[in-house]
Amino acid sequence: MKRLLTCILTIVGILMGVSCGEDRTYEYEEKTQHNHWAYDVILDTYLWADSLNDFIPTWKSFFSTPSSFLSTLTAKSQHSDKWSYVLVDTLEEDPHQRGYFNHFDSYGLDFVLMTDPTGQTTRSVLRVLTVYPNSPAEQAGLVRNDFICAYGSYEDGNSSAYKISSKNVSRFQKGIERSIEVRHLAQDEAEGRFYWEDTVTVFLGASRYVEDEPFPVARIVEANGLKVGYLMCTRLLDVLLERPIIRSNTFSGQEQLDDYMTLMKRANVTEMVLDFRLCNDGTLDMARRLASYVVAPSALSTPFAQTLWNKRYQANNQTLSYDTSVENLNLNRVYILTGTYTQGAAEWVIRSLQHAMGIDNVVVIGRRTAGQDVMIQEVGDKFHVRLFPVVAYVADGGGNCGWGSIAPTIEMDEQNYLYLGEYGTLDDIMLYTAVANMLGIGQNDSESEENSDKTTE
């Protein structure tokens, strides 16, 4: 009935054009065919399709962009759906952007705007939070916790230095090649004041496609007799999805994960830290495999997760067990670092481990997560449009879903600290806090207090 009414409304629009003396039938069909197709797909596969039964889009909405049309539908689903999206062949959009970093066109760094941390001026600076491998930023020599204080532009032959401000921050997301002024922070221990240790000028190449590795850092950290495994994950994917890139060998996220976990097993790690601060993408299969390595051995026989689809696709509902084929690390607890980017597959791992091991044995340190308890799936590719709607809930092993964001056990924001050490080292305040908790050292010990100071804007 809804499709019939939609067709009638479209025909009315066509007749209006014809009544003006011009047959514009093919023009209307061409401009609306992608959204009519998307509408049919959503009514069929969308997790909350039943909530759209009484909703009929206006004929004008079918002329909107694919993203706008999808937003019109999801807004009427009576659920807070900020996860469904579309991709258009003629546009390069990154649905998994992190702050100022995107995969399609980027300098390969993420940063935050803040006031001069030395207190000597009121000028703004950019503090580098993350530098992605094989990016223009890494090739320029930038590292985490560098401070960008000025930049030069080669547009129109002008090489003048410009101050950093909120108005020109976007210039460091993508753009032309440019020179930048970088400073490093130091502290006078006697007086307790901070000062700029040095100032260097580096050349930043033009922005381009940058692919981040799914597991960029894996290390064994030793502290007071503890052997702590550390694994940073940016994307729980077996293969990269956006665009093929040239590699010396075939890329496999699963093989990389298996190699790193074999390293942890051989080192007989007694504690494990999973760093999900940058993890905002992934599949259920990879989430299951990672969780199977670190879950307590006694919980391996319990369900890992369940998927719950809409009524039409209830046959797709399944219960996934932990993967007993991997070499479990025989841990009793797990530490997990989170941030505002943490979502999806990373959250599925956390929730499933909490259900299997108990909340007390899954220590979450950092920021509240994004709260994606649903699975997105590409369900069509037509008219140069790829549609990625929410298709199912991802529940924990007990069938619990709709849980929203995950609150940390120990809440902390690394941006409140003036020193951001290299990922995977004890100079990183987040990893330091995890290891300190393992050793029973108080969170507000003198070293942490000394490190904490000005907040970002």
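Since every read-out is calculated from the coordinates, none of them should be taken as a lab result. Here the structure is a predicted model, which means the values were calculated and not measured. As a convention, Cβ positions derive from the backbone with ideal geometry for all residues, glycine included, and neighbour counts pool all protein chains shown.
Grab every C-alpha pair in the chain, bin the distances at 10 angstrom width from 0 up to the longest one, and report whole percents.
Per 10 Å bin, starting at zero, the Cα-Cα P(r) for the chain comes out as 4, 18, 25, 24, 17, 9, 3, 1, 0 percent.
In nm, to one decimal, how far is the modelled label at Trp403 from the one at Ser67, with both set 7 Å along Cα→Cβ?
Simple spin-label model gives 3.1 nm for this pair.
Pulled fully out, how much extra length does the chain show between Thr324 and Asp54, if you take 0.36 nm times their separation in residues and subtract their Cα-Cα distance?
Using 0.36 nm per residue and subtracting the Cα-Cα distance, I get 92.6 nm.
Would you mind computing, in nm to one decimal, how far apart the modelled labels at Ser301 and Tyr419 are, each placed 7 Å from Cα along Cα→Cβ?
4.8 nm
So, in Å, what gap is there between the alpha-carbon centers of region 258-317 and region 175-219?
About 34 Å separates the Cα centre of region 258-317 from the one of region 175-219.
Here is the link list: Lys82/Lys311; Lys174/Lys227; Lys174/Lys265; Lys311/Lys382; Lys31/Lys311; Lys60/Lys82. Which ones come out longer than 29 Å on Cα distance?
Beyond 29 Å between Cα atoms: Lys174/Lys227; Lys174/Lys265; Lys31/Lys311.
Can you compute the label reach from Tyr313? Point 7 Å from Cα along the Cβ direction, backbone N cut-off under 12 Å, restricted to region 39-69.
Within reach of a label on Tyr313, which here means backbone N under 12 Å from a point 7 Å along Cα→Cβ, region 39-69 contributes 41-49.
For labels at Lys227 and Phe383 in the simple 7 Å Cα→Cβ model, what's the distance in nm?
Distance between the two pseudo-spin positions: 5.9 nm.
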